[in-house]
Amino acid sequence: MWTSAVTPELLSKSVIAVPPLARDSSRKLCATENTKIIRAIEAGGVTSILYGGNAVFYHMALSEYAQVLEILQQAAGPETWIIPSVGPAFGTMMDQATMLRDFQFPTAMVLPQKEIADETGIATGIRLFAEKYGKPIVLYLKHNRWLSPEIVSSLFRDGLISWVKYAVVLDDPSDDPYLKEVLSVVPANRIVSGIGEQPAIVHLRDFGVGGFTSGCVCVAPARSQAMLRAIQAKDFDLAERIRVSFRPLEDLRNAIQPIRVLHHAVAAAGIADTGPMQPMLGELDEMQKASVAQAAKALRALSAF
């Protein structure tokens, strides 16, 4: 596993995959199936893997946290960079900081909490976690103006932010005042587009961010990696043709539920048996599973480009 410090070069080297977490029929962590997912991602040339929302770290039992860290660390290839997540509850993430210190992950992402949180309190919690962990964190900006640019700036200036995952969903990603404000306080090469292939061209070309994360990359890693390279080479026509090919599966994720659809898509594509969903998220019905399977198999069958 790659354990050196995060650099802008590392962020732009690979699409950052955001895979599901495989469990067996009794919902216990499954090392074998999670290793299959990692190997499939690596086989497509993708070497950055983030375990967050799609892996349902929001509902991770504290009692199994060290186990999943061990599974991921052992499964990763020597050039593969793994980013686990913590939180979103403050007490949970502080206990997770203690566990993380026993491993060599170069950073961890703090999952966002919105409903009962205050932005000043969020900043304080992030500071306390980073101090206890002893490393800068990944700041996940999922909600519009969740943290003010001033607070983001103070966290970055104090060396507490490794990089920013920017994932605010808008109807028109090209019209994003909040992203512009974040870019005024954090270097563009430390910000990553966090909403998959669909807004990635706009975010990288028009805003200059350093890379992008993706869930569907888990189904077609070489193809998603080819899209990143096309954007970097300014071959936007090719990048657009690749982007469109991801839309059928992404449209299902948007129409049904992103985490559930990806979880079943990875299994339907024959990559690994991901097992049942965590109970709080529910399951797809049979008609939905059929639609997801069709889109996943079609995407998996496409060449890298």
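Nothing in this text is a laboratory measurement; each read-out follows from the coordinates by a stated rule. None of these values were measured; they are calculated from a predicted model. No Cβ is skipped: glycine too gets one built from the backbone with ideal geometry, and neighbour counts run over all protein chains shown.
Points to keep in mind about this one:
- Sum of side-chain charges, A5 neighbourhood, beta-carbon under 13 Å (Lys, Arg +1; Asp, Glu -1): +1
- Efficiency of FRET between E70 and R247 - r from beta-carbon atoms, R0 35 angstrom, step 0.05: 0.40
- P(r) of the chain over all Cα-Cα pairs, binned every 10 Å from zero, in whole percent: 6, 29, 38, 23, 4, 0
- Placing unit charges on each Cβ (+1 for Lys and Arg, -1 for Asp and Glu) gives the range 8-221 a dipole about its Cα centre, and among Y58, L72, G91 the Cα reaching farthest toward its positive end belongs to L72.
- Neighbourhood charge, 15 Å Cβ-Cβ cut-off, centred on L299 and excluding it, Lys, Arg +1 and Asp, Glu -1: +4
- Only Lys, Arg, Asp and Glu carry charge here, each on its Cβ (+1 for the first two, -1 for the last two); on that basis the chain has a dipole of about 480 debye about its Cα centre.
- Dimensionless Rg over Rh [the range 179-305; C-alpha; Kirkwood]: 1.02
- Measuring spread by the Cα atoms of the range 101-180 yields a radius of gyration and Dmax of 13.1, 43 Å.
- Approximate spin-label separation E286-S148, in nm, with each point projected 7 Å along Cα-to-Cβ: 5.5
- Spacing of the two label points (7 Å from each Cα toward its C-beta) at T120 and S184, in nm: 2.2
- For the range 197-238, applying the loop criterion from DSSP together with a ceiling of 11 other beta carbons within 10 Å to the trypsin sites (Lys or Arg not before Pro) yields K234.
- Among the listed pairs K114/K142; K13/K165; K114/K135, those whose Cα-Cα separation exceeds 18 Å are K114/K135.
- Cα gyration tensor shape for the range 37-182, rounded if a/c is under 1.5, else prolate or oblate: oblate
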